[in-house]
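Structure first, then comments.
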Amino acid sequence: MIRIRNLSKVYDTRHGRVEAVRGINLDVAEHEFCVLLGPSGCGKTTTLRSVAGLEVPDDGEIDLGGQVVYSGPQAILVPPEKRDIGMVFQSYAVWPHMNVFQVVAYPLTDGRKRSPKHDVMPRVRGALELVQLRDLEDRPVTDLSGGQQQRVALARALVSEPRVLLMDEPLSNLDARLREQMRLELKKITRSVGVTTLYVTHDQAEALSLGDKVCVMHDGEILQVGSPKEVYSRPQSLFVAQFVGEMNFVRGRVRGRDEVDSPVGKVKCPVPPNCEAGREVTLAIRPEHLSLSSASGDGEGAVGGKILSKTYLGDSTLFEVEACGVALKVRLSGDSDFDVGEQAGVLFPPGRWRVYS
Amino acid sequence: MSAREALSGATLRRAIAGAGFTRRVTQEITRHGFGYAASGVVGILVGAPAIAVLLMSLRVGIPGRGGPLTFENYYRAYTDPIVLQVLLNTFLFAIGTVLVTLLFTLPLVWLFNRSDLPGKRAIFVFLIAGFLVPVFLRAIGWILIFSPEVGLLNTLARSLFGVERPIFSIYNLPGMAFVQGLSLVPASFFMLSAAFRAMDPALEEASYVSGASRLRTIRRINIPVSWPAIAAVMVYMLMLAVSLFEVPAIVGWPARIFVLSSLIYFAVTPNVGLPKYGIGGAYGLLMMVLGLVLAFLYFRVIRETKRYAVVTGRGYRPKMLPLGRWRYPALAFVAVYLTLDFVLPLAALLWVSLLPHAQAFSAAALSKLTLVNYRQIPELIGLRPFVNTTILVLLAPTLSMILSIFVSWVVVRQRFRFRGVLDGLAFLPHAVPHILFAVALAYLALLFREVLPIYGSVFIIVLAHTIAYLAYGSRTMNGVMIQIHHELEESGRVCGSSKLRVLWRIVIPLMAGAVCNAWLWIGLLSYREVTMALVLRGPENVVLSTLIWQLWFAGLAPEVGALGVVLIAVVVPIAWGARGLFASIAHGYSGGTDER
Ligand SMILES: Nc1ncnc2c1ncn2[C@@H]1O[C@H](COP(=O)(O)OP(=O)(O)O)[C@@H](O)[C@H]1O
Ligand SMILES: [Mg+2]
């Protein structure tokens with residue numbers, strides 16, 4: 001449905017060239033919910049706006065539902081108003097001089113798919129129904145709360161039934177609780193409509209919970225594409241491991257094909273093929289994969305340590321433990337009896353370690 | 001490969017490269033059609049007069065009478081012994097004007113924005129009214145009071161104390177600078193207030209929080225931080241002062257004190273003989289260069305001020321310093337200014353308008369008070385000046401605003417390659433003295449009188465004003481447009497509307513208030529403008545301001561008084577209704593003023 005090939009964009013700024021996007025490739029299938037995830041400044045917005053046609057890339061090709069909307073080599077550029085898209089902006093961008101109905105009706109009255117008058121009303125009502133704003137249609141949009149404006153923006157993006165929906169950090173202006181609620185609802189709505197979605201965020205929790213597919217971007221490039229589960233459990237690079245979820249990192253030295261020496265002892269794990277023995281590597285393991293035991297001695301898959309801090313998070317507890325000169329984060333579910341200053345053993349389960357060169 | 005094949009290969013490649021180039025050019029033009037359209041229109045409107053100045057300085061004789069290009073005009077203009085004196089006069093007049101302006105403006109701005117001065121609202125209304133009274137009317141008022149022969153003050157002194165020689169005269173450079181400087185106070189007040197308001201109060205508060213005293217904060221923070229804004233206003237006023245014409249003509253002409261602008265004016269509108277456009281152009285080019293240098297300086301300084309601007313723009317009131325017993329001297333200062341700039345000249349106008357002929361205040365004069373001057377206005381001047389003025393004040397702001405909106409939409413919103421150039425072109429009317437624009441337009445209209453017969457009609461004044469106020473309009477619209485989040489517009493595009501439709505349905509409605517304000521403002525400027533209308537005048541296109549001017553130079557003081565009072569009486573209620581507009585200018589939501 002969305003096909004991006006070799007997309008690149010360079011900004012010439014006063015302080016020099018910024019390569020915002022460096023030749024990325026991406027495919028989003030029909031009805032798929034694809035999330036672009038990455039730290040701020042990595043080029044997500046630029047990519048999304050290129051798909052919308054609001055930004056003109058320097059090179060590459062973009063294909064929406066079989067239509068080439070941008071092609072550098074063939075000099076094709078379809079303006080945004082001729083692309084079959086809906087978009088939700090970070091600032092919502094609801095027009096303050098209109099009321100809710102007028103905003104949502106705009107794509108049908110002034111937009112790409114103008115509808116006959118008698119058709120506008122039911123379709124706008126339908127869209128408002130979808131976002132549960134049916135009662136507010138006569139309100140000026142400036143009277144609405146942030147969350148409601150967000151819904152108006154979503155209704156406007158969906159009312160013309162576009163085949164592609166683009167969203168740029170739509171939840172980032174909402175407060176934490178509302179964000180979570182909207183997240184669930186967004187997922188429900190896009191799923192029920194079945195629209196192909198490209199969604200941009202820097203929040204990994206949002207990405208993992210929303211996406212059918214997550215693309216991790218860094219510095220203008222896509223580092224990894226996969227299902228949320230893949231990206232979380234098998235990050236392919238150090239950056240992805242660092243950026244998605246929490247991770248403990250330990251320096252190590254390769255000893256054999258599936259063995260690495262580290263301050264916390266010999267670790268058994270598959271070593272990437274390009275790492276010969278003696279090479280310095282980074283070992284990584286998630287805090288929730290570690291656990292604590294009251295036996296504080298070293299052993300097979302366990303080292304003795306001292307608890308440095310304890311953070312109670314409600315559903316889990318996060319410990320910081322110093323063992324063998326390394327600070328490790330350990331997440332235990334629920335509350336726990338261990339206390340700051342106590343000696344405890346850190347247990348490493350087999351098969352959870354990952355190695356990055 | 002044979003030589004011929006290699007040759008044809010090269011030709012082919014060149015052809016392909018050529019086609020690629022053509023395609024890129026077509027693509028560029030279709031993609032940025034609005035940008036090129038706007039640049040074209042503004043380029044012609046602004047560029048043509050600028051080039052015309054150059055052209056006419058290189059030609060002798062009547063416009064359109066061909067002939068070779070020559071430097072004769074420059075030779076004649078700059079070997080004239082008067083020229084050194086005129087340059088010196090211009091310089092002294094400009095510096096003196098700016099000094100007088102600052103002397104009054106700085107305390108006023110500070111008192112108004114940072115202290116608990118009582119009666120701010122009333123003072124504000126006076127400032128507005130002062131701004132709207134045409135400068136030449138104020139100058140006339142001053143002459144009525146301070147002229148050595150007929151001045152009310154001097155005749156009064158003569159009759160009271162029996163002094164023989166006049167005790168006071170304004171027919172000299174300091175007098176001119178004083179009158180002109182006073183007249184620029186409201187404009188610079190509005191500009192500087194805007195800059196003051198835009199300054200981040202947190203800078204000041206951080207100093208207090210760090211434990212600095214009030215005086216130390218003023219010395220270490222307030223003054224350094226506001227210095228760029230003051231410097232910017234200074235440069236701007238200097239730019240105006242070298243180009244202003246009204247006071248130098250009204251006060252300077254009788255005393256034979258010329259500055260560049262009046263020299264140009266009298267070169268192109270001599271009382272006897274043919275207009276010497278060539279000489280005017282030769283002086284005009286110097287003036288234009290001067291204006292451009294100052295404009296460049298202004299931009300440099302303005303960039304400095306932006307560094308201190310508030311980013312958030314939340315409605316914020318800085319703390320007002322209690323004046324305590326200092327409030328009486330402060331009020332006295334304000335009163336002196338208002339009396340000098342507003343009350344006295346207006347009172348003088350009103351006084352002469354009620355008498356059969358100008359004379360000092362006395363019991364005898366009181367008994368002769370009459371309304372005859374007012375009653376005879378209709379038969380004296382007829383309907384035409386009113387009709388022309390109405391056409392002018394409706395059409396000029398409309399055209400100017402349409403152009404301004406379009407230009408700043410391209411400059412701010414379209415990723416147009418040459419938007420900087422376009423913005424600069426639109427600013428040019430600020431830098432190039434208005435009198436030059438008018439002279440150049442007159443010249444062009446004479447040159448092209450067959451194609452576009454607008455010479456001597458009111459439409460050439462409309463055109464001049466449209467161009468002149470484009471600078472103000474586009475600057476204001478830039479400021480407003482920048483505040484409209486770009487996503488508001490982009491969301492319209494994504495919904496499937498074309499650029500123009502988005503401009504019409506979303507951008508313009510969002511700016512409606514600002515657009516109306518700017519329209520009204522330009523209308524008011526147009527109403528009180530006299531310089532350009534004067535240069536472009538003919539028998540058919542008299543407007544109220546030029547009419548008063550002509551009556552004054554014909555020596556009809558009572559009629560001038562009556563018409564002047566009418567002119568002011570019309571405009572003051574409008575100004576009162578539009579107080580909000582002025583407040584918005586003073587608070588910096590608008591692009592400043594355009595005092596000319
Ligand atoms: N209009 C612009 N002009 C210059 N640089 C820009 C512009 N827009 C974005 N950039 C730069 O391009 C890079 C990527 O920006 P963006 O796509 O907005 O990142 P993200 O959305 O991932 O935070 C950043 O370094 C940013 O500074
Ligand atoms: Mg972004």
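The values are calculated or read from the model by the stated rules, or taken from the named source; none is laboratory data. Everything quoted here is computed from the prediction, not taken from an experiment. Cβ coordinates were reconstructed from backbone atoms using ideal geometry, including for glycine residues, and neighbour counts include every protein chain displayed. For accessibility, only protein heavy atoms count, side chains too; no ligands or nucleic acids. Shrake-Rupley method; radii C 1.70, N 1.55, O 1.52, S 1.80 Å.
Mind listing whichever residues of the range A:196-210 are more than 16 Å from ligand 1 (Cβ to nearest atom) and open to solvent by 10 Å² or more (accessible area, probe 1.4 Å)?
The initial filter retains those residues of the range A:196-210 that are more than 16 Å from ligand 1 (Cβ to nearest atom), namely A:196-197, A:205, A:208-210.
Within the range A:196-210, A:Ala205, A:Leu208, A:Ser209 meet the criteria.
Restrict the check to the range A:129-145 and report whether at least one residue is among the β-branched types (Val, Ile, Thr) and touching a strand residue (DSSP E or B) at 6+ places or on another chain (Cβ under 8 Å).
yes
Determine whether the range B:474-488 contains at least one residue that is closer than 28 Å to B:Leu286 by Cβ and out of contact with any Asp or Glu (no Cβ under 6 Å at 6 or more places or on another chain).
Of all residues in the range B:474-488, those closer than 28 Å to B:Leu286 by Cβ come to B:474-475.
Cutting the leftovers down to out of contact with any Asp or Glu (no Cβ under 6 Å at 6 or more places or on another chain) gives us B:474-475.
Yes; the residues of the range B:474-488 include at least one that is closer than 28 Å to B:Leu286 by Cβ and out of contact with any Asp or Glu (no Cβ under 6 Å at 6 or more places or on another chain).
Only residues that are more than 8 Å from ligand 1 (Cβ to nearest atom) and either hydrophobic (A, V, I, L, M, F, W, C) or in contact with a Pro (Cβ under 6 Å, 6 or more places away or on another chain) (or both): list them for the range A:10-35, please.
Once the filter is applied, which keeps residues that are more than 8 Å from ligand 1 (Cβ to nearest atom) and either hydrophobic (A, V, I, L, M, F, W, C) or in contact with a Pro (Cβ under 6 Å, 6 or more places away or on another chain) (or both), the range A:10-35 yields A:Val10, A:Ile24, A:Leu26, A:Val28, A:Ala29, A:Phe33, A:Cys34, A:Val35.
For the range A:333-357, enumerate the residues that are open to solvent by less than 30 Å² (accessible area, probe 1.4 Å) and either out of contact with any Phe, Trp or Tyr (no Cβ under 6 Å at 6 or more places or on another chain) or among the polar types (S, T, N, Q) (or both).
A:Gly334, A:Ser336, A:Gly345, A:Val346, A:Phe348, A:Trp353, A:Val355, A:Tyr356
What single numbered condition from (1) within 9 Å of chain B (Cβ to nearest Cβ); (2) of a type outside the set (Lys, Arg); (3) over 26 Å from A:Glu161 (Cα atoms); (4) within 19 Å of the chain's Cα centre (by Cα) fails to hold for A:Val21?
(1)
Taking the condition away from every other protein chain (no Cβ under 13 Å), open to solvent by 50 Å² or more (accessible area, probe 1.4 Å) and more than 16 Å from ligand 2 (Cβ to nearest atom), does A:His97 pass?
no
Do we find a residue being more than 9 Å from chain B (Cβ to nearest Cβ), of a type in the set (S, T, N, Q) and without any contact (Cβ under 8 Å) to a residue 24 or more places away in the chain anywhere in the range A:112-125?
Yes, the range A:112-125 contains at least one residue that is more than 9 Å from chain B (Cβ to nearest Cβ), of a type in the set (S, T, N, Q) and without any contact (Cβ under 8 Å) to a residue 24 or more places away in the chain.
Looking at B:Leu380, B:Leu366, which one is more than 30 Å from the chain's Cα centre (by Cα), under 23 Å from B:Val530 (Cα atoms) and in a helix (DSSP H, G or I)?
Unique residue meeting the criteria: B:Leu380.
Which residue is least open to solvent (accessible area, probe 1.4 Å), if the candidates are limited to the range A:74-89 and must be within 7 Å of chain B (Cβ to nearest Cβ) and assigned to a loop (DSSP other than H, G, I, E, B)?
Taking the candidates together, the pick is A:Phe89.
Starting from residues that are in contact with an Asp or Glu (Cβ under 9 Å, 6 or more places away or on another chain) and within 16 Å of ligand 2 (Cβ to nearest atom), keep the ones in the range A:48-67 and report whichever is modelled with the lowest pLDDT. Step through it out loud before you land on a result.
Going residue by residue through the range A:48-67, those that are in contact with an Asp or Glu (Cβ under 9 Å, 6 or more places away or on another chain) are A:48-49, A:52-54, A:64-65, A:67.
Checking which are within 16 Å of ligand 2 (Cβ to nearest atom) leaves us with A:48-49, A:52, A:54.
Working: A:Leu48: 95, A:Arg49: 93, A:Ala52: 93, A:Leu54: 90.
Once the filter is applied, the top-ranked residue is A:Leu54.
Which condition number does B:Pro573 fail, the rest of (1) over 21 Å from the mean Cα position of the chain (by Cα); (2) modelled with pLDDT of 85 or more; (3) part of a helix (DSSP H, G or I) being met?
Among (1) over 21 Å from the mean Cα position of the chain (by Cα); (2) modelled with pLDDT of 85 or more; (3) part of a helix (DSSP H, G or I), the lone unmet condition for B:Pro573 is (2).
Can you tell me which residue among A:Gln102, A:Gln67 is within 13 Å of chain B (Cβ to nearest Cβ) and under 25 Å from B:Lys499 (Cβ atoms)?
Just a single option satisfies the conditions, and that option is A:Gln102.
Report, by residue number, each residue of the range A:212-230 that is open to solvent by 10 Å² or more (accessible area, probe 1.4 Å) and part of a loop (DSSP other than H, G, I, E, B).
A:Asp212, A:Asp219, A:Ser227
Would you pick out the residues in the range A:159-173 that are more than 11 Å from every other protein chain (Cβ to nearest Cβ) and away from ligand 2 (no atom under 16 Å from the Cβ)?
Once the filter is applied, which keeps residues that are more than 11 Å from every other protein chain (Cβ to nearest Cβ) and away from ligand 2 (no atom under 16 Å from the Cβ), the range A:159-173 yields A:Glu161, A:Arg163.
Which residue pairs have Cβ atoms under 6 Å apart, sit 6 or more places apart or on different chains, and have a first residue in the range B:487-515 that is at the interface with another protein chain (Cβ under 7 Å from one of its Cβ atoms) and closer than 25 Å to B:Tyr472 by Cβ and a second that is aliphatic (A, V, I, L, M) and surrounded by fewer than 20 Cβ atoms within 10 Å (Cβ to Cβ)?
B:Leu510/B:Ile484
Going through A:Gly53, A:Gly41 one at a time, which residue ends up being within 16 Å of ligand 1 (Cβ to nearest atom), within 11 Å of chain B (Cβ to nearest Cβ) and either over 21 Å from A:Gly194 (Cα atoms) or within 19 Å of the chain's Cα centre (by Cα) (or both)?
Residue meeting the stated conditions: A:Gly53.
If B:Leu547 satisfies every condition in (1) within 14 Å of chain A (Cβ to nearest Cβ); (2) modelled with pLDDT of 90 or more but one, which is the exception?
Result: B:Leu547 fails condition (1) only.
Of these, A:Tyr106, A:Tyr92, A:Tyr70, which one is open to solvent by less than 40 Å² (accessible area, probe 1.4 Å), over 16 Å from A:Ala157 (Cβ atoms) and away from ligand 1 (no atom under 15 Å from the Cβ)?
Only one candidate qualifies: A:Tyr70.
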